[in-house]
Amino acid sequence: GESVGLHLPTLSVQEGDNSIINCAYSNSASDYFIWYKQESGKGPQFIIDIRSNMDKRQGQRVTVLLNKTVKHLSLQIAATQPGDSAVYFCAENSPKAAGNKLTFGGGTRVLVKP
Amino acid sequence: DTAVSQTPKYLVTQMGNDKSIKCEQNLGHDTMYWYKQDSKKFLKIMFSYNNKELIINETVPNRFSPKSPDKAHLNLHINSLELGDSAVYFCASRALTSTDTQYFGPGTRLTVL
């Protein structure tokens, strides 16, 4: 079965508020994690990544947190904007996976309300 | 523009037909992938090629055959199309650097009637 995330939940957030998207993974050997954003009709777009030797990484308006103890990954979006409306995917990479196979979670749909 | 591109963007065809989807990347990457995204948005890897060599081949019907004429191109040929093949197919590429980030194309929406 799949090890990362499940289903496609939806997060509704007011414009200007902060968003938190969560992801659970089950492979404790995974050493690299990525968040992707997929807008309607487009391919997944890289947002931010983090390696397992870190527990936090910040980008522009986004922060990824990694809790290896409970195998949990989260993406925080500050001051959410209408353009942030999309489906967000977490993905994990295991160092033993041939060809750097990424395993994707089921995605979370974010809807930004004006 | 530097990017991963796919053609066609939309493909509508009848059951039983054979079709191909093309992918090209001009990012200078060594590894290319094909993913299938179903109607529930679930992304699953199908194949991966590194410098024209097949390195990942997930449990995919042998009606699907990837072909990599050079490291910048990875095409997907599908024989005897079935209704269940309807999905969005994404190509992605990755460089052999310290990062494992994969960059995705815009997708090809395949509809089998």
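The values are calculated or read from the model by the stated rules, or taken from the named source; none is laboratory data. Here the structure is a predicted model, which means the values were calculated and not measured. Here the Cβ positions follow ideal geometry from the backbone for every residue, glycine too, while neighbour counts run over all protein chains shown. All accessible areas refer to the heavy atoms of the entire protein, side chains included, with ligands and DNA or RNA removed. Shrake-Rupley method; radii C 1.70, N 1.55, O 1.52, S 1.80 Å.
Give the accessible surface of chain B per residue, rounded to a whole number of Å², with probe radius 1.4 Å and ligands, DNA and RNA excluded.
Per residue, chain B has 49 Å² of solvent-accessible surface.
Over chain A, with every protein chain in place, what whole percent of the accessible area is carbon and sulfur at 1.4 Å, could you tell me?
Ligands and nucleic acids excluded, carbon and sulfur reach 47 percent.
If you take the beta carbon distance between residue A:31 and residue B:70 as r and set R0 to 25 Å, what does 1/(1 + (r/R0)^6) give as a FRET efficiency, to the nearest 0.05?
Working from the Cβ atoms, E equals 0.25.
Rounded to the nearest 20 Debye, what is the dipole magnitude of region B:49-113 about its Cα centre when Lys and Arg each give +1 and Asp and Glu each give -1 at the C-beta?
Roughly 140 debye for region B:49-113.
Once neighbouring chains are kept in place and the probe is 1.4 Å, which whole percent of the accessible area of region B:4-112 is contributed by carbon and sulfur? The partial results should precede the final answer.
On the way: 2570 of 5050 Å².
With neighbouring chains kept in place, the figure for region B:4-112 is 51 percent.
Heavy atoms only, probe 1.4 angstrom, no DNA, RNA or ligands counted: give me B:10, A:88 ranked by accessible area, highest first.
Ranking B:10, A:88 by accessible area, largest first, yields B:10, A:88.
Summing +1 for each Lys or Arg and -1 for each Asp or Glu, what net charge is found among the other residues whose Cβ lies under 11 Å from the Cβ of residue B:96?
Working: positive: B:71, B:94; negative: B:30, B:100.
Result for the local shell: 0.
With a 10 Å radius around each residue's Cβ, average the other Cβ atoms per peptide and rank B:73-86, B:56-69, highest first.
Answer by packing, highest mean first, reads B:73-86, B:56-69.
Could you report the buried accessible area between A and B, both sides summed, computed with a 1.4 Å probe and given in Å² to the nearest 100?
Counting protein atoms only, the buried area is about 1900 Å².
What residues of region B:37-57 lose no less than 30 Å² of accessible area with every protein chain in place versus their chain by itself (probe 1.4 Å, heavy atoms only)?
At a threshold of 30 Å² (probe 1.4 Å), the residues of region B:37-57 that become less exposed are B:41, B:42, B:43, B:55, B:56.
Just the number please: accessible area per residue for region A:44-104, 1.4 Å probe, all protein chains included, in Å².
47 Å²
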